[in-house]
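Enquirer: Please see the structure below; I have some questions.
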């Protein structure tokens, strides 16, 4: 157990820190990359295979080697119930990558190796997460000027959240969004492909010039909007692998 005792990292899952339960981790499992999603097709009479790249990545298992130094029985019970009470994907962070967060779910039980008299223990915590490492900076809303640009610092296109006050047109890169005059504001979630104004569905009043929600590719993207839109705010949701 001595090797684990030299590490002092922490993680936070759904807003609760592992330090609250006296749980510390190593960073050994935090640097892995996900596999690319593709399909290989064999064609009769043709050598080799045809590879169809789906331009996407598989979920990845992220394992944290963890340990508890003291108050083991109380802390392991608290941790166990904290992890297993969370259903679905939640925000996961760790101290080894303070500028990133993940969307993950806890998928394993707990198999614990305890020290003499059960005063301490070590174990692996296994999460299954979205392959993307979201940047904390990408969650900061950006208020756009009428003829401005937004710059993606990563190599991967992101699908932003767009908040438009008023109605009219918004052009982001090559995509023009048209918003009809019905609500005082509309939120356009390009990740979930959904438009809403508060609790009201707004999909029927929003159209796209290329029939798809816009992305923010690597580098700078031009943004313009009509005079009838009084404010445009973009939460870019930058990510990397």
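Values quoted throughout were computed directly from the atomic coordinates according to the rules given, and no laboratory measurement underlies them. Keep in mind that this is a model prediction, so the values were computed, not measured.
Enquirer: Over the stretch 2-131, what lengths in whole Å, largest first, do the semi-axes of the equivalent ellipsoid take, defined as the square roots of 5 times the eigenvalues of the alpha-carbon gyration tensor?
Expert: In descending order the semi-axes read 36, 15, 13 Å.
Enquirer: Cut-off 10 angstrom, C-alpha nodes, Gaussian network model of the chain. Which of 231, 200, 82 fluctuates the most?
Expert: Its mean-square fluctuation being the largest, the pick is 200.
Enquirer: Just need the relative contact order of the stretch 2-131 here, percent rounded to a whole number, with Cα pairs under 8 Å and 6+ apart.
Expert: Numbers: 255 pairs, mean separation 36.6, N = 130.
RCO, the stretch 2-131: 28 percent.
Enquirer: Quickly estimate the mean residue ellipticity at 222 nm for the chain, helices only: each DSSP H run with n ≥ 4 gives -39500 (n - 2.57), and the total goes over all residues, rounded to 500.
Expert: For the chain, the value works out to -2000 deg cm²/dmol.
Enquirer: In degrees, nearest 10, range 0 to 90: what is the angle between the Cα axis of helix 72-84 and the longest Cα principal axis of the chain?
Expert: Helix 72-84 and the main axis of the chain meet at about 30 degrees.
Enquirer: Go from 0 up to the bin containing the longest alpha carbon distance in the stretch 137-240, width 10 Å each, and give me the % of pairs per bin.
Expert: 16, 54, 28, 2
Enquirer: Debye sum, Cα scatterers, the stretch 184-237, no solvent: what log₁₀ I/I(0) at q = 0.14, 0.27, 0.31 1/Å?
Expert: Evaluating at q = 0.14, 0.27, 0.31 Å⁻¹ gives log10 I(q)/I(0) of -0.42, -1.48, -1.51.
Enquirer: Could you work out which residue, out of 55, 201, 81, moves most in a Gaussian network model of the chain, that is, has the largest mean-square fluctuation with Cα springs under 10 Å?
Expert: 55
Enquirer: Still on this structure, please answer the following. Considering the chain as a Gaussian network with a 10 Å cut-off on Cα pairs, which listed residue, 43, 150, 172, attains the greatest mean-square fluctuation?
Expert: Of the options given, 43 has the highest mean-square fluctuation.
Enquirer: Quick one: Cα centre-to-centre distance for the stretch 25-39 and the stretch 184-198, in angstrom?
Expert: What the calculation gives is 32 Å, centre to centre.
Enquirer: A further question follows. Provide the three semi-axes, in whole Å and in decreasing order, of the ellipsoid equivalent to the chain as defined by the square roots of 5 times the Cα gyration tensor eigenvalues.
Expert: 42, 25, 16
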